[in-house]
1. For the stretch 316-325, name all the residues that are surrounded by 15 or more Cβ atoms within 10 Å (Cβ to Cβ) and in a loop (DSSP other than H, G, I, E, B).
2. Do we have any residue at all in the stretch 248-256 that's at pLDDT below 80, assigned to a strand (DSSP E or B) and either charged (D, E, K, R) or crowded, with 22+ Cβ neighbours inside 10 Å (or both)?
3. State yes or no: is Leu247 in contact with a Phe, Trp or Tyr (Cβ under 9 Å, 6 or more places away or on another chain), under 14 Å from Ala188 (Cα atoms) and not hydroxyl-bearing (Ser, Thr, Tyr)?
4. Out of (1) over 26 Å from Ser355 (Cβ atoms); (2) in a strand (DSSP E or B); (3) of a type outside the set (Val, Ile, Thr), the odd one out for Ala305 is which?
5. Select from the stretch 202-222 the residues that are part of a strand (DSSP E or B) and under 16 Å from the mean Cα position of the chain (by Cα) and write down the one among them that is farthest from Ala182 (Cα to Cα).
6. Out of all the residues in the stretch 294-307, which are out of contact with any Asp or Glu (no Cβ under 9 Å at 6 or more places or on another chain) and modelled with pLDDT of 95 or more?
7. Do you know which residues across the stretch 257-296 are closer than 22 Å to Ser358 by Cα and either part of a loop (DSSP other than H, G, I, E, B) or not assigned by TED's automatic domain parsing to the domain that holds Gly225 (or both)?
8. Condition test on Asn203, is it out of contact with any Pro (no Cβ under 9 Å at 6 or more places or on another chain) and modelled with pLDDT of 80 or more?
Amino acid sequence: MHNKVCKFPEEEPLASAAEQKLIMLVDDDPVFRNITKNLLLAQGYQVVEAEDGLEGLKRLRESVPDLVLCDLSMPVLDGLEFVEEVSLEYPSLPLIVVSATEDISDVAKALRFGIKDFLPKPISNHRHLTNSIENTLLDSFDHLSDQRDFATQWFRVENGDVPEEQELHWHLRYLQKNPNAAKELLHALLPETDASQGAWRFNYRLLQSIDMMPMVFDYAWLINGQLAFYLVDSNSHASDGAPTTLLVRALFHDYLRHLKNFNADLKDIAYLVEKGLSCSEPASPVNALFGLVDLSAGSMSILPAGMDSQWSNSVITQHIAAGVPLGENCVKNFITKDLPIDSGCRLSLSRLGSSSFSFDLYKDVH
């Protein structure tokens, strides 16, 4: 891979982002609230405080801020309950979680409620907090906040294009240095194993050793009847597998988010993901696979990126060769197109003694 150009942003006054902006700080720790409040006031923000989730909801009904900072471990109404309530009542209000929780599953639950960032306590470098706030507010001002998820906040991509001087958020290095936390987070972010669209149903099964970094599957239904998905083996690179997998997740969803009414294209997805990975210091080539189901055409297409797989329906079986890994110009790999799904099909792969994956798509006849 070529030399990476990503870097931390320079320290700059945040007056443009802070001007007239109100931040709600919800935390039961008075010391943390006081330190953070003084930091924010010094940056030019206005601050309103609440010592637990219930008081935070009361304050929200009095005046809606521009952004909420909250803890996850609080009395009366804990952070998860608070985040869920806010996401339902104020879906466009950006939230950043700052918490000392060691339960990664709690973090993953908060991510699913649409938080824009997560910062672990103690915050050793307050620039991480001020950068996170500034970036989230800028997204909100540009009306992009409700379109972005947590992973995209880590690696910000706009209009399918990666600027030459891309911001690389510190989270990826943190996960690179903490493999157990990375493993827990990757497991927790796996989507539901069963889903449906109209008469079509699918489920996937992942069996893998708990001693290894996991394979990660993710998917998205598109409004034009397509189902886009990918599979990444985060264990295929010892130290960079977890941050690389999270970047793939961010870039994949960012591509789909900007599609609007256009059809997804496997080579476009792979090109954008590889372009993003080439710009990120913690990223390295990994084994992966991309797929696209077109329900209206009754077909599936597969782009391998280092993973050897098998596809079958009730009539035919086809082997799909692995090709070169993601990050090594996998867009040149052969795409197996227009595989007929008929009333159903299966995509599967197995790594002997360590893991197996199967994806079953079928039409519900009832």
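1. Applying the first criterion (surrounded by 15 or more Cβ atoms within 10 Å (Cβ to Cβ)) to the stretch 316-325 yields 320, 322-325.
If the condition is that a residue be surrounded by 15 or more Cβ atoms within 10 Å (Cβ to Cβ) and in a loop (DSSP other than H, G, I, E, B), then Ala322, Gly323, Val324, Pro325 are the ones that fit.
2. Checking the stretch 248-256: not a single residue is at pLDDT below 80, assigned to a strand (DSSP E or B) and either charged (D, E, K, R) or crowded, with 22+ Cβ neighbours inside 10 Å (or both).
3. Values: in contact with a Phe, Trp or Tyr (Cβ under 9 Å, 6 or more places away or on another chain): yes; under 14 Å from Ala188 (Cα atoms): no; not hydroxyl-bearing (Ser, Thr, Tyr): yes.
It is false that Leu247 is in contact with a Phe, Trp or Tyr (Cβ under 9 Å, 6 or more places away or on another chain), under 14 Å from Ala188 (Cα atoms) and not hydroxyl-bearing (Ser, Thr, Tyr).
4. Single failed check for Ala305: (1).
5. Ranking the candidates gives Trp221 first.
6. The answer is Ile302, Leu303, Pro304.
7. Leu295, the sole residue that qualifies.
8. yes
The values are calculated or read from the model by the stated rules, or taken from the named source; none is laboratory data. This structure is a prediction, so every number in the text was calculated from the model and none was measured. Note that we place each Cβ from the backbone using ideal geometry, even for glycine, and neighbour counts take in every protein chain shown.
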